[in-house]
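Each remark here refers to the structure printed beneath this line.
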2 protein chains.
Amino acid sequence: MSDAPPRRLEAFVVEGLPEVRPGDDLALLLAATPYEHGDVLVVAHKVVSKAEGALRRLAEVTPGERALALAREHGKDPRHVQVILEESATVVRAERGVLICRTHHGFVCANAGVDASNAPEAGTIVTLPRNPDASARALRAALPSRPAVVIADSFGRAWRHGQCDVAIGLAGMAALDDWRGRRDPAGLELRATAIAIADEAAAAADLVRDKASREPAVVVRGLERFVTEEDGPGAAALVRPLAEDLFA
Amino acid sequence: MSDAPPRRLEAFVVEGLPEVRPGDDLALLLAATPYEHGDVLVVAHKVVSKAEGALRRLAEVTPGERALALAREHGKDPRHVQVILEESATVVRAERGVLICRTHHGFVCANAGVDASNAPEAGTIVTLPRNPDASARALRAALPSRPAVVIADSFGRAWRHGQCDVAIGLAGMAALDDWRGRRDPAGLELRATAIAIADEAAAAADLVRDKASREPAVVVRGLERFVTEEDGPGAAALVRPLAEDLFA
């Protein structure tokens with residue numbers, strides 16, 4: 001047992017945010033919240049994408065042959081599929097109307113994160129930020145008290161129903177809490193090797209958001225032991241190279 | 001926007017628990033905490049397994065041929081591998097000293113959840129509870145104020161580094177928050193189909209635990225909208241049948 005005070009985590013919605021539109025200064029909108037030292041600000045990627053203009057107008061997309069074929073096969077809009085393909089390094093699997101893709105960032109998720117819901121206007125679709133770690137660093141640098149910043153998206157999982165929020169961008173917080181070599185009270189090495197704390201923070205934040213309302217930002221308080229002065233390696237540290245993957 | 005008060009989540013460790021040993025009344029140990037209506041109690045499976053005697057003495061295990069071969073190939077104790085095989089319906093993958101298994105419950109995880117660390121004595125290994133949903137229901141029934149109960153374990157994930165805690169047992173809380181058919185403010189159907197809130201609650205709880213200390217139980221407060229009078233279908237609702245799996 002340590003002498004540290006009992007651990008406590010709090011998470012609450014950043015209130016009063018307007019609808020975010022292309023060109024908005026997201027940091028300015030988020031700066032009204034009084035952050036405390038060691039806070040972690042979790043932001044749904046959608047508002048980061050919108051502010052950065054990571055959007056595509058379907059009317060301006062010309063589907064290629066592969067997009068046309070996949071769209072036919074899966075009952076999707078071929079322009080939407082074209083954008084998914086442009087956002088993807090590889091299509092891992094295509095079945096029952098869902099394309100599981102590895103994005104250029106290395107994330108494996110449905111439709112390469114391309115989404116028509118919560119878009120700023122009809123006929124527009126939202127993509128993932130070009131470089132979510134850079135987006136997180138920029139946001140952090142512009143916020144008072146420099147909270148750690150997690151940019152989150154909801155990903156499906158292998159073998160389990162439902163989605164969980166995970167970190168796709170990160171600044172100022174360790175992505176992993178590495179337990180390799182640490183031991184239990186009896187001196188045995190712990191089975192857990194590294195806890196994906198940035199993903200767990202994204203998941204905790206998701207529990208307080210209402211996806212249908214406009215609640216894209218959540219403060220998670222109580223993780224200061226993981227918050228770092230340096231921005232660190234970001235969520236890129238969570239991407240497991242295909243060749244290393246044991247699970248899939 | 002709803003008129004509901006702003007959402008807030010809190011999570012804190014249940015303090016003062018002794019080391020749990022086979023035959024201990026875990027509910028009695030956990031009953032000293034004053035739960036509030038709508039609380040979710042997240043318990044690391046390890047203490048549930050220990051209290052229930054879900055343990056194996058290595059000295060009493062006779063490895064079969066397959067265990068001997070796998071142990072040789074992966075540098076593991078053949079008796080440990082034998083227990084892993086007994087806990088598994090199938091071995092999904094075996095590589096670099098890790099066996100990724102589908103347990104009899106349907107969970108896909110490293111070594112079928114069999115673990116030597118934090119065991120009650122040397123030469124003993126801990127398995128997952130036989131029926132974690134039943135364990136959760138029994139615990140809930142025996143606790144004052146009947147908090148929802150999540151039994152958690154740390155699982156690795158496909159394509160991402162690190163482990164996250166997930167729900168392997170559940171009583172009194174929806175496993176999934178189903179968003180199918182719900183719409184964004186513009187009337188477009190949301191991409192997210194179902195949020196694995198029980199897994200997210202397990203993840204949130206994990207952020208406050210210290211795995212090396214004895215902090216196996218965490219109260220998560222602020223999820224009362226997901227807490228149900230009925231025990232519900234449990235974490236079994238999170239298991240995706242192999243045939244349906246899009247991701248792996």
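The values are calculated or read from the model by the stated rules, or taken from the named source; none is laboratory data. What you see is a predicted model; the values in this text were computed from it and never measured. Using ideal geometry, Cβ is built from the backbone for each residue, glycine included, and neighbour counts are taken over all protein chains shown. To get the accessible areas, we keep the full protein, side chains included, count just its heavy atoms, and leave off ligands, DNA and RNA. Shrake-Rupley method; radii C 1.70, N 1.55, O 1.52, S 1.80 Å.
Whether a residue is farther than 16 Å from B:Leu99 by Cβ and over 16 Å from the mean Cα position of the chain (by Cα) was assessed, and B:Ala69 does not pass this test.
Residues in the range B:103-126 that are in a strand (DSSP E or B) and either in contact with a His (Cβ under 7 Å, 6 or more places away or on another chain) or within 8 Å of chain A (Cβ to nearest Cβ) (or both): B:Val108, B:Ala110, B:Asp115, B:Ile125. Among the residues of the range A:48-76, those identified as touching a residue at least 60 places away in the same chain (Cβ under 8 Å) and part of a helix (DSSP H, G or I) are A:Val48, A:Ser49, A:Lys50, A:Glu52, A:Leu58, A:Ala59.
Close Cβ contacts (under 8 Å, 6 or more residues apart or on different chains) running from residues in the range B:80-91 that are closer than 18 Å to B:Pro129 by Cβ to residues that are surrounded by fewer than 21 Cβ atoms within 10 Å (Cβ to Cβ) and small (Gly, Ala, Ser) comprise B:Ala89/B:Gly106.
For (1) over 16 Å from the mean Cα position of the chain (by Cα); (2) at pLDDT 95 or above; (3) of a type in the set (A, V, I, L, M, F, W, C), each residue gets a yes or a no:
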position: A:Trp179; (1), (2), (3): yes, no, yes
position: A:Pro185; (1), (2), (3): yes, no, no
position: A:Lys211; (1), (2), (3): no, no, no
position: A:Arg214; (1), (2), (3): yes, no, no
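Cβ-Cβ contacts under 6 Å between residues 6 or more apart (or on different chains), taken from a first residue in the range B:199-211 that is within 16 Å of B:Leu238 (Cβ to Cβ) to a second residue that is in a loop (DSSP other than H, G, I, E, B), are listed as B:Glu200/A:Leu207. What about A:Ala67, is it farther than 12 Å from A:Arg56 by Cβ, open to solvent by less than 10 Å² (accessible area, probe 1.4 Å) and either facing chain B (nearest Cβ under 10 Å) or in contact with a helix residue (DSSP H, G or I) (Cβ under 7 Å, 6 or more places away or on another chain) (or both)? When the stated conditions are applied, A:Ala67 passes them.
You will find that of B:Glu86, B:Glu36, the residue that is open to solvent by 40 Å² or more (accessible area, probe 1.4 Å), out of contact with any His (no Cβ under 8 Å at 6 or more places or on another chain), assigned to a loop (DSSP other than H, G, I, E, B) and charged (D, E, K, R) is B:Glu36 and no other. Scan the range A:75-91 residue by residue and report those that are among the basic types (Lys, Arg) and modelled with pLDDT of 95 or more. Passing the criteria: only A:Arg79.
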